[in-house]
1. Per DSSP helix of 4 or more residues, -39500 (n - 2.57); summed, then divided by the residues of the chain. What does that give at 222 nm, rounded to the nearest 500?
2. Provide the FRET efficiency to the nearest 0.05 for the residue 214-residue 73 pair, computing r from the beta carbons and using R0 = 45 Å.
3. Rounded to a whole number, what % of the accessible area of the chain do carbon and sulfur atoms account for, probe 1.4 Å?
4. Under a 1.4 Å probe, what is the accessible area of the chain per residue, stated in Å²?
5. Please name which of 147, 231, 2 has its Cα lying farthest along the dipole of the chain towards the positive end, using unit charges on Cβ (Lys, Arg +1; Asp, Glu -1) and the Cα centre as origin.
6. Net charge near residue 54, counting Lys/Arg +1 and Asp/Glu -1 over other residues with Cβ under 14 Å of its Cβ?
7. Within 10 Å, at most 16 other Cβ atoms, and a DSSP state outside H, G, I, E, B define an exposed site. Report the longest part of the chain free of exposed trypsin sites (Lys or Arg not before Pro).
8. Given Cβ point charges of +1 (Lys, Arg) and -1 (Asp, Glu) and nothing else, what value in debye, to the nearest 20, does the dipole of the chain about its Cα centre take?
Amino acid sequence: MQIDILTLFPEMFPSVLSTSILKRAHEKGLISTNLVNIRDYATNKHAQVDDYPYGGGAGMLLKVDIVGAAIMDIKQPGSHVIYMSPQGETLRQKKLEKLISKQHLVILCGHYEGIDERILSYVDEEISIGDYVLTGGEIPAMVMIDAIVRLLPGVLGQEASSVEESFTSSLLEYPQYTRPAAFEDQEVPAVLTSGNHEEIRLWRKKQSLLKTLLKRPDLFLKRSFSAEEKGLLLELLFSGEKNC
């Protein structure tokens, strides 16, 4: 996957793109990233990329001619252009699963008070990471890139890892433990040391259901449950379990 990032602050990205999972994806040749400084497309000696809004108002807007030129210079047949915007669709796991099918992503990071509305004619979709306002689109872009890349086949050490993570199945991930088996007054659940893989699988599924119900009832209420999950929910109901 090729990812081009259009930004006024390219210096924010190198440490993120060259660390951990993203570093591994680059080394394996699974992704290629390119930082594009929007100021390089400015047309005057002051490298001006913004201007005052028509009709007055606070703040400055990114100029349509500058950003449009940057996008068109990078865009290829089949490119998918995303504008990181608080007005966009909220980023969800299902959206990420659609984006991994794209071979070329062009990500526009806004700044200042916003963009000239005509820039949207160059954009395929707007995406937000939440209902709050940040200084610019750079941090949201980093979040989205990280979330996309870890879903690409071959990026994670174990292919099952991304499948079992929270939100992939609309359930939160089950609780996990490692050594020591006993710490202060807490012990690892006995089922996990039993060696019975089927009992472990069912315990984990039950804990995922319980954790989602307690922590994210919004996800729980939207989900359709399998016959096995309905049976586990009945067990939870009649066992009176209140926590994980």
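1. After summing the helix terms and dividing by the residues of the chain, the value is -10000 deg cm²/dmol.
2. That pair, residue 214 with residue 73, gives E of 0.35.
3. 52 percent
4. I get 58 Å² per residue for the chain.
5. Final value for the positive-end residue is 231.
6. Cβ neighbours under 14 Å give a net charge of -3.
7. 93-222
8. 480 debye
The values are calculated or read from the model by the stated rules, or taken from the named source; none is laboratory data. Owing to the predicted nature of the structure, the values given are computational and were not obtained by experimental measurement. Cβ atoms come from the backbone with ideal geometry, glycine included; neighbour counts cover every protein chain shown. Surface accessibility is based on the protein's heavy atoms, side chains included, excluding ligands, DNA and RNA. Shrake-Rupley method; radii C 1.70, N 1.55, O 1.52, S 1.80 Å.
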